[in-house]
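Peer 1: Here's a structure for you.
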Amino acid sequence: WRVPFLNFVFEITGEGTEVRLNGEDELAKQTVSFSVPVPEYLPENFELTNSMDDTVKSYLTYQDDAGNEIIYIFTSSDETMWTKYADQEKENVSINGMNGYLIGGSGQEGITLIWGSEDEVFTLWGEISADELIKIAESIK
């Protein structure tokens, strides 16, 4: 996938996402490149519909034909991502050997899955089942 967003080009490959500036000026010719691991699995009919980067986080939004969304956020380790959920009821999970939390129920409120290591934090939110969210998370390597 290649998704233009403002002056950024996101190129999603099997190994991750490359982000670079797009344009003719000198600043735009400099490469802003980092690797964002992306899901290898998505539930049927979900497609990438939006992507955004704010220099410390990458956001990818997937949507199906019915308008259900899955939002994926990848960031370098950010303590606020973890403490944000400290007071919420959550289930401990392990995703690809990393500790995390499954938070929330199903329906319109959606479910949040957050996991990571000292170096990176992954967050998935979706209006899908917890099992599907975990399957997506396990496909991100």
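Bear in mind these aren't lab numbers, they're just calculated from the coordinates by the rules spelled out. Nothing here was measured: the structure is a model prediction, and the numbers come from that model. Quick reminder, even Gly has a Cβ in these numbers, built from the backbone with ideal geometry, and neighbours come from all protein chains shown.
Peer 1: How much length is gained if the chain between Asp65 and Glu91 is pulled fully straight, taking 0.36 nm per residue apart and subtracting their Cα-Cα distance, in nm to one decimal?
Peer 2: In short, 6.4 nm is gained.
Peer 1: What's the FRET efficiency of Thr55 with Asn99 using the Cβ-Cβ distance as r and R₀ = 22 Å, to the nearest 0.05?
Peer 2: Once rounded, the FRET efficiency stands at 0.25.
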